[in-house]
Amino acid sequence: MIKSVKIQSTVMAQSADDELMIAEQVAALLSISLATVRQWTSQRRIPYVKLSRKVVRYSPKALKELIQSKTFTERRDESNENQSLKRRRKKMSQSFSPCDVDNMIARAKRDTLDI
């Protein structure tokens, strides 16, 4: 029995970061409510370990990986966004010339005045 205690203490010392967390700890870590943790667990939006029918725990390592995967560090390239906008504007300007727009406005005015 003394041997098993020694082994357990060694394992615990090596894996303090790998201790499983309870839902309350996850809620505090993510700054969300306990109800949200439970909802996300049932929706399988966050990783969890089901030890028994009623006992659910969370791995800090898996939660850190989830946070990393959901973290955006770079802004979108504005030049790509501007190019996309320019392409859309160019496409729209090719659709109708200013004369076409003036003709459409004149036709709409005639149609509304005739009614």
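Figures for the structure shown
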{"read-out": "Pair list, Cβ under 7 Å, 6 or more apart: segment 57-68 residue touching a residue at least 24 places away in the same chain (Cβ under 8 Å), other residue in a helix (DSSP H, G or I) and aliphatic (A, V, I, L, M)", "value": "Y58/V26; L63/V26; L63/L29"}
{"read-out": "Matching option when the condition is of a type in the set (V, I, T) and at pLDDT 95 or above, among V11, V37", "value": "V37"}
{"read-out": "Per-region count, segment 63-87, residues in a helix (DSSP H, G or I) and either surrounded by 10 or more Cβ atoms within 10 Å (Cβ to Cβ) or at pLDDT 75 or above (or both)", "value": "15"}
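The values are calculated or read from the model by the stated rules, or taken from the named source; none is laboratory data. A quick note: this is a predicted structure, and the numbers were derived from the prediction, not measured. A quick note on method: Cβ atoms are made from the backbone with ideal geometry, for glycine too, and the neighbour counts reach across all protein chains shown.
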